[in-house]
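J.: Input: one structure, supplied below.
Just so you know, all these numbers are worked out from the coordinates, no wet-lab data involved. Because the structure is predicted, anything quoted here is derived from the model rather than measured. Counting neighbours? That spans all protein chains shown, and the Cβs are built from the backbone with ideal geometry, glycine included.
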C-alpha cells in the first residue's frame, strides 16, 4: 500500500526532487499548483501528508483555513520556503519545516521522519492477519496447540484448546513469516472469548520490538 501526499507548489525543480525522494519512500505524490484547488481536494480526499511551499501565492490562506480543522492534527504537515518568503516558517507550526533551496540530505531526513510519523499512526490500529503457530507459557506450564490469528505492535490474537486465566502473565514466542526471526514477548491476557484470547505485550523495546515494527511496516506497505 503506497502512502499518499499532496505537494502544493509551482517550483518544478523542487517538486522533481521531492517526487524522487518520496518515490523511494513509497509515498505517492499529487501535485497541485493552485492553493484554492488544493483546498477543494483536501475537503474530499484523504491523504497522509501535505507539503506546502510558502513561496506560492495563496498558501497563507490555505494554511490559515486548516488552522482549526481536524486535518491539521491528523496529517503530517511539511512546510518549505525560502529565507525571503513572506510567510514566517516558524510561525506556520508545521509538523516539519525546512528552507529552500532544498538540500537532498535534509529533505531525505525530513520526509523519512514524516513517513515514520504516518506509519506509526497507521500501525497503531493495524492488525496483520496470520496463520501460524505460537508458543504460550504460563510460568512453567506450556499451553498446547496455540495458533496465532493476527498480530499488531501492541499484542496478538490467538486460538487455543484450553482457556487461559485473564490478567495472567504469559510469555509468547513465534516466527515471523518470510523471515528467519523468532520473537519472544512477555504480556498478559486482556480478553478471552470462547477459544480465542487477546494478549497485550508488556514491553516493546529492544531488538524484538524493532524487528516486529519493521516487519509490520513491510506487510502494511505490501498489502
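J.: Antiparallel versus total DSSP beta bridges in the chain: what percent is that, nearest 5?
T.: The antiparallel fraction comes to roughly 65 percent.
J.: What distance in nm separates the two pseudo spin-label positions at residue 163 and residue 124, each 7 Å out from Cα along the beta-carbon direction?
T.: 3.4 nm
J.: Still on this model: May I ask for the angle, rounded to the nearest 10°, between helix 206-222 and the longest principal axis of the chain, with both axes built from Cα atoms and the value confined to 0 to 90°?
T.: Between helix and principal axis, roughly 60 degrees.
J.: Relative to the first principal axis of the alpha-carbon coordinates of the chain, what is the inclination of helix 35-44, with its axis defined by its Cα atoms, in degrees from 0 to 90 and to the nearest 10?
T.: 30 degrees
J.: With runs of 4+ DSSP H residues as the only contributors, calculate the mean residue ellipticity of the chain at 222 nm using -39,500 (n - 2.57) per run, divided by the residue total and rounded to the nearest 500. Kindly include the intermediate steps, with their values, before the conclusion.
T.: Numbers: 6 runs with 73 residues, N = 223.
Here the helix-only value at 222 nm equals -10000 deg cm²/dmol.
J.: Subtracting the Cα-Cα distance from 0.36 nm times the residue separation, let me have the gained length for residue 109 to residue 12 in nm, one decimal.
T.: Stretched out fully, the residue 109 to residue 12 stretch lengthens by 32.9 nm.
J.: Also, I was wondering about something else. Express in nm, to one decimal, how much length is gained between residue 133 and residue 218 on full extension, taking 0.36 nm for each residue of separation and deducting their alpha carbon distance.
T.: Residue separation times 0.36 nm, minus the Cα-Cα distance, leaves 28.5 nm.
J.: R0 = 25 Å: FRET efficiency of residue 43 with residue 64, Cβ-based, nearest 0.05?
T.: E between residue 43 and residue 64, to the nearest 0.05, is 0.95.
J.: Using alpha carbon centroids, what distance separates the range 153-179 and the range 43-64, in Å?
T.: What the calculation gives is 44 Å, centre to centre.
J.: Report, in degrees rounded to the nearest 10, the 0 to 90 angle that the Cα long axis of helix 12-24 makes with the longest principal axis of the chain.
T.: 10 degrees
J.: Which value results when the Cα radius of gyration for the chain is divided by 2.2 N^0.38 Å?
T.: Output field value: 1.30.
J.: For an R0 of 22 angstrom, estimate the FRET efficiency from the Cβ-Cβ distance between residue 57 and residue 30 and round to the nearest 0.05.
T.: FRET efficiency, residue 57 to residue 30: 0.65.
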